[in-house]
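The values are calculated or read from the model by the stated rules, or taken from the named source; none is laboratory data. For clarity, every value in this text was computed on a predicted model and none was experimentally measured. Cβ placement follows ideal geometry from the backbone for every residue including glycine, while neighbour counts extend to all protein chains displayed. What goes into the accessible areas is simple: the full protein's heavy atoms, side chains included, and nothing from ligands, DNA or RNA. Shrake-Rupley method; radii C 1.70, N 1.55, O 1.52, S 1.80 Å.
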Amino acid sequence: MSETNSSGGTELIRSVLCSGVASILSDATEVALDSMMKDGTLRDIPVINVVAAAYGIYRSQRERAFAHKVLRFLRGASDITDAQRKSFSAKMAADPTHAHEVGEQVLLLLDRHETAEKATLLGRVFAAYVRQEISNEDFNRYAFIIDRLFLPDL
């Protein structure tokens, strides 16, 4: 696994424990496509311009929505004391594989959530996990419930 892939799952965990949010999307592919468009390699094909413009609009809207969900998740998870953050950070540092799995799971869920409200709920459940009020198994169970149920049913 590359450094980006192996650390991507832990970046969200670090964001909960700190204040920054890491960019973990595939920048290399984006840079290569942008470069080919600027150089004219693909720019000369009319349909490519239409597809690229449509993709740019879709991508920017999708990125904005994802960023909003990440911020809502972080806001939902903000009710954690410094002592709880340090304890959880030490727990994650002791098992980087688990930290990556938890972070990756949260990122995938946030990407899949159709509403920002679900991201806030997931953040609250994650905060309960950090505070050790629920187990990892319970966190997974609640995360699944939040993801799958119709929001008014929650």
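Considering only protein heavy atoms, with the full assembly of protein chains and a 1.4 angstrom probe, order R62, R131 by accessible area, largest first.
Largest accessible area first, the list is R62, R131.
With a cut-off of 8 Å between alpha carbons and a minimum separation of six or more residues, what is the relative contact order of segment 81-154 in percent?
31 percent
Count charges around L109 for me, please; just the other residues with Cβ under 9 Å from its Cβ, Lys/Arg as +1, Asp/Glu as -1.
0
At a Förster distance of 35 Å, what's the computed FRET efficiency of Q61 paired with T81, Cβ-Cβ distance as r, to 0.05?
0.45
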